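Chemist: This is the structure, below, for whatever I ask next.
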Amino acid sequence: MKSLKQSAVETYLEFSSFEGSQHIASQFAIYKTLQIIRKNNLKNILEIGLGIGTLPSAVLNYFGSEINYSGTEDNEFCLKSLKEHLKSKKIEIFKNLDDVNLEKKYDLLIIDGKEPNLKRIANSLSQNAIIIIEGDRMNQYQEILHMFSKSLFVHMTSNKKNHPKGVFDENNWQGGVKVFFINPTIKQKIYWVKEKLNTKFNYLKRKNF
């Protein structure tokens, strides 16, 4: 079986060649998402803002039928792209949150797009759910922080530059992800500590690069 890193690279390079690729998830974001899913044995995923399908493609290619993946997207170009890029994948695509089954409990919430009322999702997360915010998205970061004030947070960062064959500038660092553990287990707390240390190390390496 391919490694998580290899899968992340392949997905990143594949989607770098598609129209609309200027907004895809970074190679590092893809890798960390896959890692978080595997380490925490996450099964039910909801993504706000599927875009052209980078993350669901990576996740479903790697984990297959083990994962129940749902997501929202209201942009017509992206919806057309999703049909093309994910046509053989098991995924539920909704135009907005009103159509999503919020009585279901999701283990992982990925925020990669706008949603005017994230509070609606709070009761739809499982007890030890994890939230990933892809990209900067400071407004959503603040809202999640307010909603889950007792959660553990880490901004995971990479110490590697973008792949020279990808869509993003190879002279820039790979984009990171903001991660919340809303009610962390002991295992999640240990992982959180390790990632906090990794973040400090990576920032130091960037500074001295």
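Chemist: Using just the helices of the chain, give the 222 nm mean residue ellipticity in deg cm²/dmol: DSSP H runs with n ≥ 4 each add -39,500 (n - 2.57), and the total is spread over all residues, rounded to 500. Show your work: numbers first, answer last.
Modeler: Values: 6 runs with 79 residues, N = 209.
The helix-only estimate for the chain comes to -12000 deg cm²/dmol at 222 nm.
Chemist: Filter the cross-link list LYS39/LYS104; LYS43/LYS95; LYS89/LYS150 down to pairs whose alpha-carbon distance in this structure exceeds 25 Å. Each step should come with its number before you reach the end.
Modeler: Numbers: LYS39/LYS104 22 Å; LYS43/LYS95 22 Å; LYS89/LYS150 36 Å.
Checking Cα-Cα distances, LYS89/LYS150 exceed 25 Å.
Chemist: Report the local net charge at PRO184: Lys and Arg +1, Asp and Glu -1, summed over other residues whose C-beta lies under 14 Å from its C-beta.
Modeler: Numbers: positive: LYS39, LYS150, LYS187, LYS189, LYS194, LYS196; negative: ASP107, GLU195.
Spelling it out: positives minus negatives among the neighbours equals +4.
Chemist: Here is a follow-up. Quick one: length gained pulling ASN183 to ASN117 fully straight, 0.36 nm per residue minus the C-alpha distance?
Modeler: Values: separation 66, 0.36 × 66 = 23.76 nm, distance 2.11 nm.
Going from the current span to full extension adds 21.7 nm.
Chemist: How would ASP74, ASP112 line up by accessible area, probe 1.4 Å, largest first? Before the final figure, lay out the partial values.
Modeler: Values: ASP74 110, ASP112 30 Å².
The ranking, largest first, comes out as ASP74, ASP112.
Chemist: As a test of the definition: which semi-axes, in Å, follow for the stretch 61-198 when you take the square root of five times each eigenvalue of its alpha carbon gyration tensor? Largest first, please. Display every interim value, and only then the final one.
Modeler: On the way: eigenvalues 115, 104, 48 Å².
Its equivalent ellipsoid spans semi-axes of 24, 23, 15 Å.
Chemist: Apply 1/(1 + (r/R0)^6) to the Cβ-Cβ distance of PHE209 and GLU84, taking R0 = 30 Å, and write down the FRET efficiency to the nearest 0.05. Mind dumping the intermediate values first?
Modeler: Working: r = 38 Å, r/R0 = 1.28.
Taking R0 as 30 Å, the efficiency between PHE209 and GLU84 is 0.20.
Chemist: Highest first, please rank the peptides 88-94, 30-36 by the mean number of other Cβ atoms sitting within 10 Å of their residues.
Modeler: 30-36, 88-94
Chemist: In addition: Using the basic label-point model (7 angstrom from Cα toward the beta carbon), what is the ASN128 to LYS200 distance in nanometres?
Modeler: The two pseudo-label positions are separated by 2.5 nm.
Chemist: Another question about this same structure. So, for the stretch 1-100, what is the accessible surface per residue at a probe of 1.4 Å, expressed in square angstrom?
Modeler: Numbers: 4560 Å² over 100 residues.
Roughly 46 Å² per residue, with all protein chains present.
Chemist: May I have the convex hull volume per residue, in Å³, for the Cα set of the stretch 1-73? Before the final figure, lay out each step's value.
Modeler: Working: hull volume 5.9 nm³, N = 73.
Looking at the stretch 1-73, the number lands at 81 Å³ per residue.
Chemist: Would you mind pulling out the separation of the Cα centroids of the stretch 1-77 and the stretch 107-127, in Å?
Modeler: 17
Chemist: In percent, what relative contact order does the chain have, based on Cα pairs under 8 Å that are 6 or more apart in sequence?
Modeler: Numbers: 344 pairs, mean separation 41.6, N = 209.
Worked out over the chain, it gives 20 percent.
The values are calculated or read from the model by the stated rules, or taken from the named source; none is laboratory data. Every value quoted in this text rests on a predicted model; they were computed, and no experiment measured them. With ideal geometry, Cβ positions are generated from the backbone for all residues, glycine too; neighbour counts draw on all protein chains shown. Just the protein is used for accessible areas: all its heavy atoms, side chains included, with ligands, DNA and RNA removed. Shrake-Rupley method; radii C 1.70, N 1.55, O 1.52, S 1.80 Å.
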